[in-house]
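All remarks here apply to the structure that follows.
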Amino acid sequence: MPVAESHKELRFTRARQGAGFAVAAGMLAMTALVFFLLAPYRADNPELPHPAWGLLPLAVALASGWTAARCIRHAYLLLSPIGIEIFPFFRPSTGLNVIPWAQIAAVEIDDSRLTLHFTAEKTAGVHLALAPIPRDKRRLLIAAMEGRFSK
């Protein structure tokens, strides 16, 4: 479903986590390739592992590649005119959490966490980890949140 006014949104993905999964996928694919490339030499040296062992790192590489693509493509946080939309990694369509701007009383941001307080006494709220968001994009998130709540 296309967004009516996508130019008014800020989308933050799990790109930092996705990069780690992409590196892991590459390393595991190379590991699998080594098993497959050693297959012709197994007749001369029976101590070499069977090429079928390469299927295990290949399967994990495919899963890591899928996870990397999902982290990089799909949103983690979305700042929209409605509020903050928090997307879980699994089943985002059913687990989506929308927090309207009017419900947020205060915001605290440190290096690793974004805290949205629902009361002035800061007794209720939501903690969001900033680790999935790349460091350079966190500055944009901080500037957006400060701009929204400086009024």
* Asked: Looking at H117, H127, L28, which one has the Cα that reaches farthest to the positive end of the dipole of the chain (charges on Cβ: Lys, Arg +1; Asp, Glu -1)?
  -> H117
* Largest first and to the nearest Å, give the Cα extent of region 12-83 along each principal axis. => 67, 14, 13
* Asked: In the P(r) worked out for the chain, what percent of Cα pairs fall beyond 20 Å?
  -> 60 percent
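How much area per residue is accessible in the chain when the probe is 1.4 Å and only protein heavy atoms are counted (Å²)?
Numbers: 9700 Å² over 151 residues.
So the chain comes to 64 Å² accessible per residue, rounded to a whole number.
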* To do: Work from the charge dipole of the chain (Cβ charges, +1 for Lys and Arg, -1 for Asp and Glu, about the Cα centre) and give the residue of P81, A59, T13 farthest towards its positive end.
  => P81
* Give me the accessible area of E121, 1.4 Å probe, in Å² rounded to the nearest 10. => 140 Å²
* Would you kindly work out the equivalent ellipsoid of region 88-146 from its C-alpha gyration tensor and give its semi-axes, the square roots of five times the eigenvalues, largest first in whole Å? => 19, 18, 10
* Would you mind checking the tilt of helix 15-37 against the longest principal axis of the Cα atoms of the chain, expressed as 0 to 90 degrees and rounded to 10? => 10 degrees
* To do: State to the nearest 20 debye the size of the charge dipole of the chain about its Cα centre, where the only charges are +1 on K and R beta carbons and -1 on D and E beta carbons.
  => 300 debye
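The values are calculated or read from the model by the stated rules, or taken from the named source; none is laboratory data. The structure displayed is predicted, hence computed values, not measured ones. Every residue, glycine among them, receives a Cβ derived from its backbone with ideal geometry; neighbour counts consider all protein chains shown. For the accessible areas, the whole protein counts, side chains as well, though only heavy atoms, and no ligand, DNA or RNA atoms are used. Shrake-Rupley method; radii C 1.70, N 1.55, O 1.52, S 1.80 Å.
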